[in-house]
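The block underneath contains the structure these notes are about, expressed in structure tokens.
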Amino acid sequence: MTRRASAVAQTRRRIVDATLELHGEQGIGATSWDDIAARAGVGVGTVYRHFPSLDELVPAELRHLSSTHWTPIDIAARAAPLLCPHPETRVLDIGAGVGKLCTVGALSEMGTWCGVEQHESLVRVASRIARQLGVGQRTAFVHGNALRVDWHEFDALYLYNPFEQPIATPDPSACDNAQVACVCERLAGLSRGTRVVTLHGFGGPMPPSYALVYHEHVAAHGLDLALWVQGSTGRAHRQAKPGVH
Ligand SMILES: C[S@@+](CC[C@H](N)C(=O)[O-])C[C@H]1O[C@@H](n2cnc3c(N)ncnc32)[C@H](O)[C@@H]1O
């Protein structure tokens with residue numbers, strides 16, 4: 001690595017660390033870009049330069065979908081370390097959209113990030129954005145049905161409302177019950193220790209073999225972020241907590 005590339009990587013690391021510390025201390029909604037810049041010891045312009053809003057890289061005709069369909073960047077930054085505690089962790093985003101979660105995760109310099117998405121045009125956008133942000137090598141976006149992928153190949157899975165329940169007025173009858181039932185069954189069969197992060201859930205209850213080890217209601221976005229661990233010996237949790245999707 002050249003001296004300049006190493007300085008860039010160090011600055012990026014300081015910004016990521018500052019973000020995670022602040023999110024842990026005061027929550028995502030209460031953390032501003034100014035707070036992050038001050039904690040990292042850089043100007044706020046430097047934060048924007050290192051982490052441009054992914055939405056600016058999304059083609060204009062898709063941008064209107066971003067706020068309701070794809071993970072907000074601040075939540076992606078919080079979800080990434082929940083999913084990926086080790087450099088060798090392999091993460092799968094089930095229904096990856098334009099790849100915001102995987103790209104932000106890969107920017108944190110840990111793990112490998114794969115997204116499977118049913119719309120081919122979104123897969124192309126995701127791959128391009130990841131390349132533009134310099135993480136093309138540590139991300140993979142695959143076009144296809146997530147239910148046909150072998151989830152056992154991954155240590156951690158991310159589910160953000162893949163079957164598109166309305167956020168404001170969840171209506172269980174609007175869900176594709178066959179897909180939801182398939183997700184429940186697949187999750188139940190995964191290896192001990194598999195991490196599952198949900199944002200606004202996936203439309204069904206987590207299998208009882210999972211322990212809920214972290215939950216945050218992100219008021220700024222009206223979304224519930226939760227980390228579940230398969231067969232964890234942590235707090236026993238037979239059913240999804242009321243209000244935790
Ligand atoms: C709410 S979006 C979340 C996108 C992304 N995970 C994120 O957080 O930014 C759900 C995505 O799942 C995709 N999807 C739904 N069912 C799928 C399936 N069976 N296989 C692959 N993708 C699927 C949809 O096309 C949509 O892009």
*Output the residues belonging to the stretch 112-124 that are buried (at least 23 other Cβ atoms within 10 Å of the Cβ) and under 15 Å from ARG90 (Cβ atoms).*
TRP113, GLY115
*Return yes when VAL149 is more than 13 Å from LEU57 (Cβ to Cβ) and surrounded by 21 or more Cβ atoms within 10 Å (Cβ to Cβ) and no when it is not.*
no
_VAL91 being within 16 Å of the chain's Cα centre (by Cα) and either among the small types (Gly, Ala, Ser) or near the ligand (Cβ under 10 Å from one of its atoms) (or both)_ = no
*Given the conditions (1) among the hydrophobic types (A, V, I, L, M, F, W, C); (2) modelled with pLDDT of 95 or more; (3) more than 17 Å from LEU227 (Cβ to Cβ), report the number of the one that TRP113 does not fulfil.*
(3)
*Is the stretch 164-184 home to any residue that is modelled with pLDDT under 95, within 19 Å of VAL98 (Cβ to Cβ) and not charged (D, E, K, R)?*
yes
*Quick check: anything in the stretch 42-51 polar (S, T, N, Q) and either touching a Pro at 6+ places or on another chain (Cβ under 6 Å) or in the same structural domain as GLY144 (by TED's automatic domain parsing) (or both)?*
no
*Any residue in the stretch 56-69 that is in contact with a Pro (Cβ under 7 Å, 6 or more places away or on another chain) and aliphatic (A, V, I, L, M)?*
no
*From (1) within 22 Å of ALA219 (Cβ to Cβ); (2) among the hydroxyl-bearing types (Ser, Thr, Tyr); (3) over 13 Å from the mean Cα position of the chain (by Cα), pick out the condition that doesn't hold for THR46.*
(1)
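The values are calculated or read from the model by the stated rules, or taken from the named source; none is laboratory data. Since this is a predicted model, take the numbers as computed values, not measurements. Reconstructed Cβ throughout: ideal geometry from the backbone, glycine too, with neighbour counts over all protein chains shown.
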